[in-house]
Amino acid sequence: MQDAGFVPLCDYPGSDTPWLCSCAACGKQSRPRYWLVKNGSRCVWCAQLRIDPDEAQDVMRSAGLEPLVPFPGGKKRWKCRCLTCERVVTPTYANVSKGRRCRFCSPRGLDLTAPGLVYLLSHPTQFALKVGVTSGAAKADRVEQHTRNGWTLVRLWNVPTGDDAETIEEAVLRWWRLSLGAPPAIHREHMPQGGCSETASLLWVDLDDTVARIDMLVEQLSQTDVE
Ligand SMILES: [Zn+2]
Ligand SMILES: [Zn+2]
């Protein structure tokens, strides 16, 4: 165990029983099993397989986000208050640790408070769909950039804010990627105007289903506004 960087804190409990140890490198405790360590398993904290909730909280705070609920796990949405704009936002720890910040304070060039637009495009020869969002004064331009590059406009949805538009886009992408298993369909170099990461092949996703899905999301959004 010592060769693997562990300091056993109690007597050997058996090969397949969790064995309380501290890590010589990071000082944190874990319960590795002897046979796994013998086969190369190492400290879960050092390998970042486990995330210390206190450290995760520190990472969020140094990114200007005050957690409002206990650490939910690295890849789950974590309700925080932005210390800059005071809005409640729900980034994941994984994204924030990679540099993501409050979506209102450092948006992707999107005005989140101005009226928003969700658009759905199809590409006849690439056999793909693209969902996109835009807001404020740049609205019409963004769609035109795509139609100039061979995309056909399927539908536009006007929504109250850019933030609403972004929420809908994220929900569509989650549905495409996680529920339908569709990867991005277009390579970066075939979309000089950008936006390839919000595409999906029509082999995986269906145009009418996607339109219906966005209709439903827009509808849900208007219902939550009423409450
Ligand atoms: Zn360690
Ligand atoms: Zn903010």
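What residue, of Ser197, Ser135, Ser179, is out of contact with any Phe, Trp or Tyr (no Cβ under 6 Å at 6 or more places or on another chain), closer than 16 Å to Arg213 by Cα and of a type in the set (Gly, Ala, Ser)?
Working: Ser197 fails: closer than 16 Å to Arg213 by Cα; Ser135 fails: closer than 16 Å to Arg213 by Cα.
Every option except Ser179 fails the conditions.
Does Asp54 qualify as being out of contact with any His (no Cβ under 9 Å at 6 or more places or on another chain), within 16 Å of ligand 1 (Cβ to nearest atom) and farther than 30 Å from Trp157 by Cα? Judged against the criteria, Asp54 is a match.
Within the stretch 1-99, which strands (runs of 3 or more DSSP E) (wholly inside it) include 3 or more residues that are within 16 Å of ligand 2 (Cβ to nearest atom)?
Values: elements: 6-8, 21-23, 65-67, 80-82.
Here the list reads 65-67, 80-82.
Taking into account only those residues within the stretch 113-159 that are charged (D, E, K, R) and either free of Cβ contacts under 8 Å to residues at least 60 places away in the same chain or not in a strand (DSSP E or B) (or both), which is surrounded by the most Cβ atoms within 10 Å (Cβ to Cβ)?
Let us first name the residues in the stretch 113-159 that are charged (D, E, K, R), namely 130, 139, 141-142, 144, 148, 155.
Those left that are additionally either free of Cβ contacts under 8 Å to residues at least 60 places away in the same chain or not in a strand (DSSP E or B) (or both): 139, 141-142, 144, 148, 155.
Numbers: Lys139: 21, Asp141: 9, Arg142: 19, Glu144: 12, Arg148: 9, Arg155: 13.
Of everything passing the filter in the stretch 113-159, Lys139 is surrounded by the most Cβ atoms within 10 Å (Cβ to Cβ).
For first residues located in the stretch 187-206 and modelled with pLDDT under 85 and surrounded by fewer than 17 Cβ atoms within 10 Å (Cβ to Cβ), partners that are part of a helix (DSSP H, G or I) and among the hydrophobic types (A, V, I, L, M, F, W, C) and lie 6+ apart or on another chain with Cβ distances below 6 Å form the pairs Arg188/Cys196.
Would you check if there is a residue in the stretch 83-106 being within 26 Å of Leu9 (Cβ to Cβ), at pLDDT 90 or above, not β-branched (Val, Ile, Thr) and not assigned by TED's automatic domain parsing to the domain that holds Gly136? Taking every residue of the stretch 83-106 in turn, none turns out to be within 26 Å of Leu9 (Cβ to Cβ), at pLDDT 90 or above, not β-branched (Val, Ile, Thr) and not assigned by TED's automatic domain parsing to the domain that holds Gly136.
The values are calculated or read from the model by the stated rules, or taken from the named source; none is laboratory data. Predicted, not measured: the structure shown is a model, and the values here were computed from it. All Cβ positions, glycine included, derive from the backbone under ideal geometry; neighbour counts span all protein chains shown.
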